Amino acid sequence: MSSVHVRVSLVAFLWLGLACGIPGLAGATVTERVLHTFSGGRDGGIPVGGLLRDSAGNLFGVAQAGGDTSKCRSQGCGVAFELSPSSNGTWAYKVIYTFCSQPYCIDGAGPRGTLISDSQGRLYGTTTDGGNPQMCSFIGCGVVFRLTPSSSGWNYEVLFAFHEAFDGGRPFDMALTLDGAGNLYGTAANGGTFGGSCAFGGGCGVVFELSPSPVGTMWTEKVLHIFTGGADGALPEGGVIFDATGGAYLNVDISILVHIYMSHDQGGMNGSQGMNGGMNNANGNMGGNGMNGADAGANVEFKSSMAPAADAGPAPDFSQLADGKKSISAAQAASYPPLANDFDYADKNRDGRITQREYDSWKSH
């Protein structure tokens with residue numbers, strides 16, 4: 001079993017702006033050229049994160065909105081894209097995946113951060129929403145995904161879907177880290193523990209490791225650190241980097257840098273709240289070797305065997321959902337998950353309720 005030791009250092013950041021300069025560029029004239037302008041439609045919108053460049057000069061990235069604009073509050077759930085250079089100096093833009101293409105957004109929604117690639121040219125990234133359709137207020141807690149190139153395009157698969165329980169949830173603005181054995185490392189801003197001041201009691205976040213599983217099954221997650229919201233920080237947004245000794249570094253917020261020492265022994269870290277054994281819930285199994293204490297040094301493995309949402313059946317009559325009233329509230333829509341998931345889209349007037357006309361329009365789509 002791996003044990004994890006955490007050291008927290010306080011660091012100060014001084015923004016020097018242009019005074020810092022870039023070596024070799026002092027006094028140089030820099031010309032900007034726009035390679036693509038996002039429309040917010042099918043090509044995506046609001047790109048968040050950096051670009052990944054492959055050996056052929058192609059650029060890959062994600063945009064958190066756009067795509068299918070009938071979903072995610074009529075803003076779209078995001079896309080993954082490719083920009084390819086041509087011999088005449090222009091760039092060709094292509095969407096390689098549109099998120100929330102599957103029912104209930106089980107394939108993820110809202111990608112943020114920078115993609116990474118492996119030696120086979122496969123791309124890895126995360127989304128903040130989507131995945132387990134009955135978690136995180138019916139919008140899912142985010143996924144880790146992979147895109148594999150093929151002769152017919154790109155094949156998409158979900159490697160892990162978060163529950164925002166001890167396994168974490170809502171990975172934000174980060175690039176995953178890939179080691180030589182094919183394991184992935186990253187952070188999730190929520191989950192880990194419950195209660196306290198973080199995320200309305202939804203946990204202060206985790207550092208995680210994902211290990212490959214047999215084809216067709218979810219990867220295995222190991223939680224390396226659970227944030228407490230104390231001296232170790234909370235709500236991490238960003239990736240993990242390794243040093244020469246195998247230690248992992250991550251920036252939790254503007255003033256806290258966390259260094260995680262990872263070693264292999266037979267002990268593990270024990271806390272005061274022992275929780276040995278697996279966990280099960282209606283949305284899938286989260287089993288493993290148990291957790292010896294839900295403290296900052298906890299080490300636990302999860303199997304995320306997300307099942308597609310059960311068929312909710314045909315849409316009920318308006319009068320049934322509205323309970324005899326003239327409109328459907330968000331609380332009433334919760335009794336029919338497909339409508340709860342699309343509530344903001346169906347609520348065209350943005351007044352927090354769905355009229356019969358709006359409901360009939362939603363059903364017709």
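The values are calculated or read from the model by the stated rules, or taken from the named source; none is laboratory data. All values derive from a computational prediction rather than experimental measurement. Methodologically, a virtual Cβ is constructed for each residue, glycine included, from the backbone with ideal geometry; neighbour enumeration extends over all protein chains shown. Ligands, DNA and RNA are excluded from the accessible area calculation, which covers all protein heavy atoms including side chains. Shrake-Rupley method; radii C 1.70, N 1.55, O 1.52, S 1.80 Å.
Say a paramagnetic label sat at a point 7 Å from the Cα of Asp118, along Cα to Cβ; which residues of region 177-191 have their backbone N under 11 Å from it? Only 178-184 pass the distance filter. Between Asn88 and Asn349, the C-beta separation translates, for a Förster distance of 45 Å, into a calculated FRET efficiency of about 0.40.
Bridgeable lysines around Lys94 (alpha carbons under 24 Å apart, same-chain partners fewer than 8 residues away excluded): Lys71. Take Ser319: with every protein chain present and a 1.4 Å probe, its accessible area is about 80 Å².
At the residue level, Asp360 shows approximately 70 square angstrom of accessible surface with a 1.4 angstrom probe and all protein chains present. Per-residue SASA remark: Trp154, around 60 Å² accessible (1.4 Å probe; ligands, DNA and RNA not included).
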